[in-house]
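The values are calculated or read from the model by the stated rules, or taken from the named source; none is laboratory data. Small disclaimer: the values here were computed from a predicted structure and weren't measured. Ideal geometry is used to build each Cβ from the backbone, glycine not excepted, and the neighbour counts take in all protein chains shown. Accessible surface areas use protein heavy atoms only, side chains included; no ligands, DNA or RNA. Shrake-Rupley method; radii C 1.70, N 1.55, O 1.52, S 1.80 Å.
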Amino acid sequence: MSEQSPFRQLPSVDRLLQAPAVRPLLVEHGRVRIVEAIRQVLDQAREAIRAGQPPPSQEALLATLEERLSRESLRWLQPVINATGVIIHTNLGRAPLSPAARQAIAAVAQGYSNLEYDLVAGRRGGRGYGVERLLTQITGAEAALAVNNNASAVLLALTVLAAGRAVVISRGQLVEIGGRFRIPDVMAQSGARLVEVGTTNRTHLDDYRRALEVHEDVALLLRAHRSNFRIIGFTTEPPLEALARLAHERGLWLMDDLGSGALLETERFGLAHEPTVQESIAAGADIVCFSGDKLLGGPQAGLIVGRKPLLDRIRRHPLARAVRMDKIALAGLQATLEHYLRGEAVEQVPVWRMIATPADEVRRRAQRWVRRLRRAGLPVQVIAGCSTVGGGSLPGETLPTWLVALALPSPDAVAARLRRHHPPIIARIEEERLVLDPRTVLPEQERTLLEGMVEAATGERMRG
Ligand SMILES: *Cc1c(COP(=O)(O)O)cnc(C)c1O
């Protein structure tokens, strides 16, 4: 036996497949994935043998297999509990949806719908009617169109309205939103030519005027919202009204990429002012683009509102077909917008409910959590902290909150264990402490979170 090549001591794929410990894994993951994982585990073992290590036991191989499969399944899309206090967390799926939006999605997903069917006439109809009606009613715009996301909304609008012509924008607004969305790149992709005016910190109306004298092929003026950073100090920019007036005097359009697209006033909740869609329309912007899943609090979508003749042109362009919304998101968006029309968005749309939750209420929740975690013997306390809105809105602004802080010897290890919980729990580490912000934890997730916390922290202590 000892003479035998160490490679031959490794079990075959079939042998491992038949091991009793693999049976439940087969049920959970399916044969294709298990066979692939076994091959990888065996390859890895051969590599180790070549490097001079002894062949692993079958037990060790099975343990590696399980670890590999569980790591792999963590990469699959699944719900997580967001205890970070970042309300619109782009990495965590942005806006959680209202119960009505979830129900609308389930109902439309379950069977057939009148997606493109006119129930009055009994024949083919357009899609997105409800969403478009709601958007015009809420924002005061003449017309609206919903597409896949705001990146495609901006690309589509620029392609239709400005391809082969120039677009004037302030140097202070040549922004990168993240995820490789950069205004100059999107502009290039649309076929529009970028004309930058002013400086990073100061742009005057005269800068725009001068550009219009020099460049004869300007299609529109563009304003892009600085969603994720602030310029402070010696700064100036003309108000939107002035830009709209200038554009219209020259027979041009003003387009506003608002990004987060607030439909409610953020000042009501002690935050700085985030530009609203209604304001842009009232100021005379002809095209306004914004996201469905940022401050609007709905599913992923890109919304374009503005002048009817422009929207009619945009709607007819082949690119509009390429970036159209699917029925699932459309159903969720329609239900979310209805909350605004009914004046119940603050209560019903989770993003706004989280923003509106008073610090005292968060504190009471934190205190409840602390009592529960102390009973399990964990070293926890309630401390003051900050939540942020996130999602490309209100950069640098915070909401006062109360955090549950755990002083543990290895907060990173506990955070890692929390991420492997079912469902995964995402916490924050601050000054060597693991902290949980109740503001972004949905009430129905509270129990799971606390159980997971106890498990992760005591597990870690027992190991340590
Ligand atoms: C977020 C954002 C976008 C991109 O919107 P998505 O919905 O993420 O595609 C574009 N422009 C601005 C100003 C933004 O803030």
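Of the candidates LEU254, LEU246, LEU263, LEU271, the single residue that is away from the ligand (no atom under 11 Å from the Cβ) and over 24 Å from PHE229 (Cβ atoms) is LEU246. If only residues of the range 78-105 that are assigned to a strand (DSSP E or B) and out of contact with any Lys or Arg (no Cβ under 9 Å at 6 or more places or on another chain) are counted, the one that is surrounded by the most Cβ atoms within 10 Å (Cβ to Cβ) is ASN82. Checking each residue of the range 310-323 against the condition of being in contact (Cβ under 8 Å) with a residue 40 or more places away in the chain, under 29 Å from THR84 (Cα atoms) and open to solvent by 80 Å² or more (accessible area, probe 1.4 Å) gives no match.
Residue-wise test of (1) away from the ligand (no atom under 16 Å from the Cβ); (2) outside any loop (DSSP other than H, G, I, E, B); (3) open to solvent by 70 Å² or more (accessible area, probe 1.4 Å); (4) within 26 Å of VAL277 (Cβ to Cβ).
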{"residue": "ALA211", "(1), (2), (3), (4)": "yes, yes, no, no"}
{"residue": "GLU216", "(1), (2), (3), (4)": "yes, no, yes, no"}
{"residue": "ALA219", "(1), (2), (3), (4)": "yes, yes, no, yes"}
{"residue": "LEU222", "(1), (2), (3), (4)": "no, yes, no, yes"}
{"residue": "ARG226", "(1), (2), (3), (4)": "no, no, no, yes"}
{"residue": "PHE229", "(1), (2), (3), (4)": "no, no, yes, yes"}
{"residue": "PRO238", "(1), (2), (3), (4)": "yes, no, no, yes"}
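Looking only at residues of the range 163-184 that are part of a helix (DSSP H, G or I) and surrounded by 14 or more Cβ atoms within 10 Å (Cβ to Cβ), we find that the one that is farthest from the ligand (Cβ to nearest atom) is ARG171.
Can you confirm whether GLN137 is part of a helix (DSSP H, G or I) and more than 16 Å from the ligand (Cβ to nearest atom)? Criteria met by GLN137. Among the residues of the range 307-323, those identified as of a type outside the set (A, V, I, L, M) and either touching a Ser or Thr at 6+ places or on another chain (Cβ under 9 Å) or assigned to a loop (DSSP other than H, G, I, E, B) (or both) are ARG307, HIS317. Does VAL154 satisfy being at pLDDT below 95, surrounded by 14 or more Cβ atoms within 10 Å (Cβ to Cβ), within 11 Å of the ligand (Cβ to nearest atom) and not in a loop (DSSP other than H, G, I, E, B)? Taking the combined requirement at face value, the residue does not satisfy it.
Yes or no, residue by residue, for (1) touching a residue at least 60 places away in the same chain (Cβ under 8 Å); (2) in contact with a Leu (Cβ under 7 Å, 6 or more places away or on another chain):
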| residue | (1), (2) |
| --- | --- |
| ALA121 | no, no |
| GLY126 | no, no |
| LEU135 | yes, yes |
| ALA144 | yes, yes |
| ASN150 | yes, no |
| ALA157 | yes, no |
| LEU161 | yes, yes |
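For the range 221-251, a residue qualifies if it is among the hydrophobic types (A, V, I, L, M, F, W, C) and either without any contact (Cβ under 8 Å) to a residue 60 or more places away in the chain or under 12 Å from VAL197 (Cβ atoms) (or both), and the qualifying residues are LEU221, LEU222, ALA224, ILE231, ILE232, PHE234, LEU240, ALA242, LEU243, ALA244, LEU246, ALA247.
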